[in-house]
Amino acid sequence: MTKVPVQNVRVIDLAGGAKVGYLTFTDFITPSEGQLVGAFGTFAQQGVTDLVVDLRYNGGGFIYIASQVGYMIAGGMRTANKTFEKLQYNDKRTADSNDPNNNLPFFNTTSGFPNSGTNGNTVLPQLNLVRVFILVTSGSCSASESVINALRGIDVTVHLIGATTCGKPFGFTARDNCGISYFPIEFKGVNDKGFGDFADGFAPTCMVADDFSRPLGDPTEGMLAAALSYRQTGACPVPDIVQRQNIAAQPRGRLVRPPVRENKYR
């Protein structure tokens, strides 16, 4: 069965000729690369002026795909010679921390990996945006948070709509032994400004409850509607006092997923 981690790709036409791109992205896995390239290519062709990336259920995955997403949002000029994520090891592994191969750039070409849906070394589409709206919940983890942190590290304004993210700046490299792959915690990822302390998660710009009454991508769905409203007014929609209290009182639950879907991998 073919996995479709990139869904609901659409351009929302708003008053005044504004075009807002939207996509649901659920996994930083290999097949997502070609799907992301197709989605961002559509956005570029249609001249979107803003973007909403829905990562509310995205637990993470490969850092190189997160890096590609950052490049496609911010574009070549803003990301040139900038670090997407530097892998920072503990004081017993300073040689690894200083290894230039662990200073990951914003990748600007496709990988061509098997099952990625891409040919190698094709230049990625780019939107050249100075701001982005990202829908998040406590299920937004790891590589999803790397995108947020990396974009803020190059001064792209990232507006988070939803709830506090899960808080997982740590990552892994597979170690194979006798046919079994082990994933010990090895590093913390920091952005171009050296920041990576988000173990408590990233707080939302606007606190909005998940809306299960409408399909993802529907402009009237609660979180997307809030992002569109914030884009227009620069202010968070004000929920009634009961809803605000209910959101604040909700425990930070989490989606139950296998570890491979809730981490970031080198």
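Each reported figure results from applying straightforward, stated rules to the coordinates on display, with no laboratory input. Nothing here was measured: the structure is a model prediction, and the numbers come from that model. Glycine gets a Cβ as well: all are built from the backbone with ideal geometry, and neighbour counts include every protein chain shown.
Within the chain, the cysteines lacking any other cysteine Cβ closer than 4.7 Å to their own Cβ are CYS178.
The calculated FRET efficiency for the pair LYS193 and ALA15, based on their C-beta separation and a Förster distance of 25 Å, comes to about 0.10.
Protection proxy ranking, highest mean first, for peptides 112-125, 162-175: 162-175, 112-125, where packing is the per-residue count of other beta-carbon atoms within 10 Å, averaged.
Over region 12-144, all Cα pairs binned in 5 Å intervals from 0 give whole-percent P(r) values of 2, 10, 18, 21, 21, 14, 8, 4, 1, 1, 0, 0, listed from short to long.
The string of couplings for region 4-11 from the Karplus curve (6.51, -1.76, 1.60, θ = phi - 60°) is 10, x, 10, 9, 6, 6, 7, 10 Hz, one whole number per residue in order, with x for Gly and Pro.
Just in region 92-148: which trypsin sites (Lys or Arg not before Pro) are loop by DSSP and have at most 16 other Cβ atoms within 10 Å? Numbers along the way, then the final one.
Details: sites: LYS92, ARG93, ARG131; in loops: LYS92, ARG93.
Here the trypsin sites (Lys or Arg not before Pro) that fit, given the DSSP loop and packing criteria, are LYS92, ARG93.
Cβ-Cβ distance of ASN8 and ASP155, R₀ of 25 Å, FRET efficiency by 1/(1 + (r/R0)^6): the value works out to about 0.30. Label sites at TYR89 and PHE113, each approximated as a point 7 angstrom past Cα along Cα to Cβ, lie 2.1 nm apart.
Which whole-number percent is the relative contact order of region 87-135 (Cα, under 8 Å, 6+ apart)? Could you put the intermediate results ahead of the total?
Values: 34 pairs, mean separation 10.4, N = 49.
Relative CO of region 87-135 lands at 21 percent.
Cross-link pairs exceeding 23 Å in C-alpha to C-alpha distance, out of LYS3/LYS82; LYS3/LYS193; LYS92/LYS188; LYS86/LYS168; LYS92/LYS168, comprise LYS3/LYS82; LYS3/LYS193. Centroid-to-centroid, using Cα positions, region 24-73 and region 119-176 are 9 Å apart.
Using the Cα centre of the chain as the reference point, and only Cβ charges (+1 on K/R, -1 on D/E), how large is the resulting charge dipole? Debye, rounded to the nearest 20. Please list the in-between numbers first.
Values: 24 positive and 22 negative charges, 33 e Å.
Its charge dipole is roughly 160 debye.
Calculated from the structure at hand, Cα extents along the principal axes in Å is found among [x] 60, 47, 35; [y] 56, 48, 31; [z] 54, 43, 40 as [z].
Projecting the Cα atoms of ILE63, THR94, GLN232 onto the charge dipole of region 6-265, computed from C-beta unit charges around the Cα centre, puts THR94 farthest toward the positive end. The order of the peptides 21-32, 218-229, 4-15 by mean Cβ neighbours within 10 Å, most packed first, is 21-32, 218-229, 4-15.
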